[in-house]
Amino acid sequence: MRTLFLISILIFSLKAQEINIAVAANVSYAIEELKSAFNLEYPEIDVRVTLGSSGKLTAQIRNGAPYGLFMSANMRYPQALYDDNLTLTRPVVYAQGTLALFSVHEQNLSLSRLEDEHIRRIAIANPKTAPYGMATAEALRKVDLYERIKPKFVFGESIAQTLAYAVTATDVGIIAKSSLYGERMQAYREGKNWVSIDTSLYSPINQGIVLLRYAKDEPAYRTFYDFVLSEKAQRILKAYGYIVK
């Protein structure tokens, strides 16, 4: 009886490990599969995820939010946290994001057609708060479109909100390509509902991961950090449209 009691205590203690991580909105489509794969190896660790724009998550971290790991949509925000001594590690790239032009309506999609009269509203992520918005603005400026179509923009505060607008409220949207591999987007077809945007039009969206100071006394954060950089996790991210090593 005493042995069974000790085993039950041990199982409870193993299951009690809980980690809180901050994750950029574009990773919301892949994070559940990443968590599932992680828990096959580490069932004792419960990963709690807070999603949001990288800028807003960074502000929360600066204000003491209890996150031990940050998966950003670019390197700028984790680098800023590192520079301010709020991290345990230097930021490293875990994946490279890409952009796609999307519409729920089948049509001949291209950036050059965004000036067409039938396209009245265009969803893009806010360049001030979302790294994918910065990349979108850069691509549109590269083809001399940004200022000309700016009145059509409907800004999402994160790339996830931008996708929601593109599906429900606008004619087209410039979204994270990774979102198109989620279960809810499987009905939309490449070449009909979406096309990739030439990666030469914008700077690489190098997405950074960093361990935060809150993780200092909890090794489970390092375990998840190492997993995200592992070959298994990289294969998952690649399946969601990311560029990986």
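The values are calculated or read from the model by the stated rules, or taken from the named source; none is laboratory data. No experiment lies behind these values; they were computed from the predicted model shown. Every residue, glycine among them, receives a Cβ derived from its backbone with ideal geometry; neighbour counts consider all protein chains shown.
Points to keep in mind about this one:
- Test set (1) more than 17 Å from the chain's Cα centre (by Cα); (2) buried (at least 23 other Cβ atoms within 10 Å of the Cβ); (3) among the hydroxyl-bearing types (S, T, Y) - S158 fails condition number: (1)
- Residues of region 98-141 classified as exposed (fewer than 15 other Cβ atoms within 10 Å of the Cβ), hydroxyl-bearing (S, T, Y) and within 22 Å of M185 (Cβ to Cβ), total: 1
- Just one residue in the set Y181, Y188 is within 14 Å of N26 (Cα to Cα) and not assigned by TED's automatic domain parsing to the domain that holds A65; that residue is Y181.
- Listed by position, the helices (runs of 4 or more DSSP H) enclosed by region 156-245 that each have at least 2 residues that are of a type outside the set (S, T, N, Q), within 30 Å of Y42 (Cα to Cα) and at pLDDT 95 or above are 219-228, 231-239.
- The C-beta contact set for region 134-149 (first residue in contact (Cβ under 8 Å) with a residue 60 or more places away in the chain, second residue surrounded by fewer than 17 Cβ atoms within 10 Å (Cβ to Cβ) and part of a helix (DSSP H, G or I), distance under 7 angstrom, 6+ apart or interchain) comprises A139/L201; K142/L201.
- Of all residues in region 170-188, none satisfies the criterion of being exposed (fewer than 12 other Cβ atoms within 10 Å of the Cβ) and touching a residue at least 12 places away in the same chain (Cβ under 8 Å).
- Checking each residue in region 108-133 for being assigned to a loop (DSSP other than H, G, I, E, B) and touching a residue at least 24 places away in the same chain (Cβ under 8 Å) picks out L109, S110, H118, I119, R120, R121, N126, K128, T129, A130.
- Meets criteria (more than 19 Å from R189 (Cα to Cα) and loosely packed, with under 12 Cβ neighbours inside 10 Å) for R90: yes
Let's see how each residue does on (1) surrounded by fewer than 18 Cβ atoms within 10 Å (Cβ to Cβ); (2) at pLDDT 90 or above; (3) over 18 Å from the mean Cα position of the chain (by Cα); (4) not β-branched (V, I, T):
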site: I19; (1), (2), (3), (4): no, yes, yes, no
site: A25; (1), (2), (3), (4): no, no, no, yes
site: I31; (1), (2), (3), (4): no, yes, no, no
site: S36; (1), (2), (3), (4): yes, yes, no, yes
site: N39; (1), (2), (3), (4): yes, yes, yes, yes
site: T50; (1), (2), (3), (4): yes, yes, no, no
site: N63; (1), (2), (3), (4): yes, yes, yes, yes
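- Single condition A95 does not satisfy, out of (1) under 30 Å from Q79 (Cα atoms); (2) in contact (Cβ under 8 Å) with a residue 24 or more places away in the chain; (3) surrounded by fewer than 21 Cβ atoms within 10 Å (Cβ to Cβ): (3)
- Complete set of residues in region 52-61 that are of a type in the set (S, T, N, Q), part of a helix (DSSP H, G or I) and either in the same structural domain as N126 (by TED's automatic domain parsing) or under 13 Å from the mean Cα position of the chain (by Cα) (or both): S54
- Boolean, A65 is assigned by TED's automatic domain parsing to the domain that holds I209 and not in a helix (DSSP H, G or I): yes
- Pairs where the first residue, in region 218-236, is farther than 22 Å from G182 by Cα and the second is of a type in the set (S, T, N, Q) and not in a helix (DSSP H, G or I), C-beta under 7 Å, 6+ apart: A220/Q17
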